[in-house]
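The values are calculated or read from the model by the stated rules, or taken from the named source; none is laboratory data. Treat the numbers as computed from the prediction; the structure is a model and nothing was measured. Backbone-built Cβ (ideal geometry, glycine too); neighbour counts: all protein chains shown. What goes into the accessible areas is simple: the full protein's heavy atoms, side chains included, and nothing from ligands, DNA or RNA. Shrake-Rupley method; radii C 1.70, N 1.55, O 1.52, S 1.80 Å.
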Amino acid sequence: MTTPVRPRLKLPLGIQNLREIREDGHYYVDKSGMAVDLIEAGKTYFLSRPRRFGKSLLVDTLKELFEGTQALFTGLAAESRWDWSTRHPVIRIDLGAGEVRSRDELELRLHEIVDDHVRRLGLTLHNQSLSGRFGELIRAAAVQSGQRAVVLVDEYDKPILDNLADRETAAVMRDTLRSFYSVLKSADADLDFVLLTGVSKFSKVSLFSGLNQLQDITLDARWSALCGYTDEDIDTVFAPELPGLDRDEIRRWYNGYNWLGTGVYNPYDVLNLFQKRVFGAYWFETGTPSFLVKLLAERQVFLPRLQALHTSLTLLSSFDVDRITPEALLFQAGYLTIHDVRQPVLGRWMYTLGYPNREVEASLNEVLLPEYGVPGDAEAQERLTVILQRGALDELETLIRSLFASIPSDWYRSNPLAGFEGHYARVFYSHFAALGLDVRVEDATSHGRIDMAVLYAGRVFLFEFKVVDRQATGAALQQIKARGYADKYRARGEPIHLVGIEFGRTERNVVGFEVETLGH
């Protein structure tokens, strides 16, 4: 007996409304059971997830649950688990639309949100201040309905993030929002459930000092898959979309986000792939902030290190307008995710971060190449892939020389790292990573660490870099051979190319290029 082929449904691309998804015949990954679990487990939550990860749909799902819209949950996990006879007044605050650039604009926007709820619920408020009206709204809604109110805040931090390039304005936004959100603590008796969602997790001292009752579930394994699609979701819900696409490539490009529990795919990427049937950097291209690129360049962040970055929870959580670490920003914005966690000392956790997938690694390196003085050259990138496919290492030397020769001399004068191996390794790595190749930096072996390994087109390329004062010494290739770096890859049964590259401190280019190929 053959399994019937399920029909293809509409893709919910850009739809954050549960009603539209359910009533108009779109695919729906059922998160309603987890939503009920969340409600039953506590009362006041904070959740941080990258943009376009389904936070707004989660908020809308919670809204429909508390408002008792039973018809939307027919056949879903929540249908048999929810008390549909009780309905709560829901106050939804969405700061995701538009931009505000001053305290007055932000306060006006918040007043408008309060006014919308007053009209919808048919209430009358008497207070004039923003905080006073918000608190009065919560109390009046609870009294009128006879049930405690629910407050759902979507994109709580967007007014701050939109102004990060102007720290003074960002600080004003932060302080205004802190005063507004602090009402939730004094209104606790009138609240049944609260959820704040956003991209960033500002330190408790800076934004949440008055909200110590908030339970931060950002790094709680139980809720790791509360937003995003799991492997099982892709294979079951979206099974009709998979024929004609390479399942392993879908995983390699878009999977890999993890918050200490079940790993997930970026929904926006997956839905775009199923619609266009072509792999692309869909999420990355929707708005990587120029502020982030500028910060990474200014702080001289060593991008190869981001493949395995070791950090503490304190550093990941210490995000504020006046104290922005690149690691925290990259993690919270979704450019890095958790690969491993360990507890070297009781009570102290250490996290290993890395790129979630090939889309993010390739795209981030591509936009940063100009910051290293390397002009964009699509033709050179295409030539590099052809060279690697053929194993034509003599042509690779020519291409690398041309690459470093294209960097303007002015760039070297303003960058102190230009005379060190780190600079050459960074440019070299980013050039390869931008192509979406399998690049492994400081790849550990039993004899030491390889500077860079590239696995592509049935070949293994092992690179070692040295910076020399004048003439080539041959030390780079000698190190690869002496330490047996190739041994780790012999079992693959593929040609292994050993490449030792020496850069001249004065010449700022290749002065030594030695290769050796080991047969398979």
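Within the stretch 180-215, restricting attention to residues that are among the polar types (S, T, N, Q) and modelled with pLDDT of 90 or more, which residue is surrounded by the fewest Cβ atoms within 10 Å (Cβ to Cβ)?
186
Among the residues of the stretch 437-471, what is the count of those that are open to solvent by less than 30 Å² (accessible area, probe 1.4 Å), at pLDDT below 85 and over 30 Å from the mean Cα position of the chain (by Cα)?
Selection size over the stretch 437-471: 1.
Considering only residues that are among the β-branched types (Val, Ile, Thr) and in a helix (DSSP H, G or I), look in the stretch 263-290 and name the one that is least open to solvent (accessible area, probe 1.4 Å).
270
Could you list all residues from the stretch 276-289 that are in contact (Cβ under 8 Å) with a residue 60 or more places away in the chain and out of contact with any helix residue (DSSP H, G or I) (no Cβ under 9 Å at 6 or more places or on another chain)?
287 - this is the single residue of the stretch 276-289 that is in contact (Cβ under 8 Å) with a residue 60 or more places away in the chain and out of contact with any helix residue (DSSP H, G or I) (no Cβ under 9 Å at 6 or more places or on another chain).
So which residues in the stretch 238-255 are closer than 15 Å to residue 437 by Cα, open to solvent by less than 40 Å² (accessible area, probe 1.4 Å) and not hydroxyl-bearing (Ser, Thr, Tyr), if there are any at all?
Of everything in the stretch 238-255, just one residue is closer than 15 Å to residue 437 by Cα, open to solvent by less than 40 Å² (accessible area, probe 1.4 Å) and not hydroxyl-bearing (Ser, Thr, Tyr), namely 250.
Scanning the stretch 20-54 for residues that are touching a Lys or Arg at 6+ places or on another chain (Cβ under 6 Å) and on the phi < 0 side of the Ramachandran plot, which turns out surrounded by the most Cβ atoms within 10 Å (Cβ to Cβ)?
Top of the filtered list is 48.
Are any of the residues in the stretch 124-138 hydrophobic (A, V, I, L, M, F, W, C) and without any contact (Cβ under 8 Å) to a residue 24 or more places away in the chain?
For the stretch 124-138, residues hydrophobic (A, V, I, L, M, F, W, C) and without any contact (Cβ under 8 Å) to a residue 24 or more places away in the chain: present.
Of the numbered conditions (1) open to solvent by 30 Å² or more (accessible area, probe 1.4 Å); (2) closer than 24 Å to residue 256 by Cβ, residue 70 satisfies every one except a single condition; which is it?
(2)
So, residue 110, is that one within 20 Å of residue 23 (Cα to Cα), surrounded by 14 or more Cβ atoms within 10 Å (Cβ to Cβ) and under 32 Å from the mean Cα position of the chain (by Cα) or not?
Against the criterion (within 20 Å of residue 23 (Cα to Cα), surrounded by 14 or more Cβ atoms within 10 Å (Cβ to Cβ) and under 32 Å from the mean Cα position of the chain (by Cα)), residue 110 does not qualify.
For the stretch 258-276: of the residues being of a type in the set (Phe, Trp, Tyr) and more than 12 Å from residue 226 (Cα to Cα), which is farthest from the chain's Cα centre (by Cα)? Even if it seems obvious, please write down each step before you answer.
Filtering the stretch 258-276 for residues of a type in the set (Phe, Trp, Tyr) gives 259, 265, 268, 274.
Next cut, more than 12 Å from residue 226 (Cα to Cα) only: 268, 274.
Working: 268: 12, 274: 20 Å.
Out of the qualifying residues, it is 274.
Which members of the stretch 73-127 meet the condition of being touching a Lys or Arg at 6+ places or on another chain (Cβ under 8 Å) and among the aliphatic types (A, V, I, L, M)?
Residues satisfying the conditions are 90, 95, 100, 114, 125.
Mind counting the residues in the stretch 147-162 that are assigned to a loop (DSSP other than H, G, I, E, B) and open to solvent by less than 10 Å² (accessible area, probe 1.4 Å)?
Qualifying residue count for the region: 2.
Just checking, does the stretch 66-79 include any residue being touching a strand residue (DSSP E or B) at 6+ places or on another chain (Cβ under 9 Å) and touching a residue at least 60 places away in the same chain (Cβ under 8 Å)? Explain how you work it out, then say what you get.
Let us first name the residues in the stretch 66-79 that are touching a strand residue (DSSP E or B) at 6+ places or on another chain (Cβ under 9 Å), namely 66-67.
The next check asks that each one be touching a residue at least 60 places away in the same chain (Cβ under 8 Å); those that pass are 66.
Yes, there is a match, as at least one residue in the stretch 66-79 is touching a strand residue (DSSP E or B) at 6+ places or on another chain (Cβ under 9 Å) and touching a residue at least 60 places away in the same chain (Cβ under 8 Å).
Taking only the stretch 220-236 into account, find how many residues are surrounded by 14 or more Cβ atoms within 10 Å (Cβ to Cβ), among the acidic types (Asp, Glu) and closer than 14 Å to residue 27 by Cβ.
1
Are there helices (runs of 4 or more DSSP H) fully within the stretch 18-84 with at least 1 residues that are more than 15 Å from residue 226 (Cα to Cα)? List them.
Counting at least 1 such residues, we get 18-23, 55-66.
Only one of (1) more than 22 Å from residue 199 (Cβ to Cβ); (2) out of contact with any helix residue (DSSP H, G or I) (no Cβ under 6 Å at 6 or more places or on another chain) fails for residue 102. Which number is that?
Every condition holds for residue 102 apart from (1).
Quick one: in the stretch 333-366, of everything that is of a type in the set (S, T, N, Q) and at pLDDT 90 or above, which residue is farthest from residue 434 (Cα to Cα)?
For the stretch 333-366, the residue satisfying everything is 352.
Given (1) part of a helix (DSSP H, G or I); (2) touching a Lys or Arg at 6+ places or on another chain (Cβ under 7 Å); (3) within 25 Å of residue 319 (Cα to Cα), where does residue 222 come up short, assuming only one miss?
(2)
Within the stretch 116-146, how many residues turn out to be open to solvent by 70 Å² or more (accessible area, probe 1.4 Å) and of a type in the set (Asp, Glu)?
Final tally of qualifying residues: 1.
Among strands (runs of 3 or more DSSP E) lying entirely in the stretch 300-412, which contain 1 or more residues that are open to solvent by less than 20 Å² (accessible area, probe 1.4 Å), more than 25 Å from residue 442 (Cβ to Cβ) and free of Cβ contacts under 8 Å to residues at least 12 places away in the same chain?
The strands (runs of 3 or more DSSP E) meeting that bar number zero.
Give me a count of the residues in the stretch 472-520 that are in a helix (DSSP H, G or I), small (Gly, Ala, Ser) and either free of Cβ contacts under 8 Å to residues at least 12 places away in the same chain or open to solvent by 20 Å² or more (accessible area, probe 1.4 Å) (or both). Walk me through it before giving the result.
Our first condition is that a residue be in a helix (DSSP H, G or I); within the stretch 472-520, this holds for 475-482, 485-492.
Next, only the ones that are small (Gly, Ala, Ser) stay: 475-476, 482, 486, 491.
In the following step, the residues that additionally are either free of Cβ contacts under 8 Å to residues at least 12 places away in the same chain or open to solvent by 20 Å² or more (accessible area, probe 1.4 Å) (or both) were identified as 475, 482, 491.
Final tally of qualifying residues: 3.
Being at pLDDT below 90 and of a type in the set (Ser, Thr, Tyr) is the filter; apply it to the stretch 258-310 and report the residue that is farthest from residue 160 (Cα to Cα).
286
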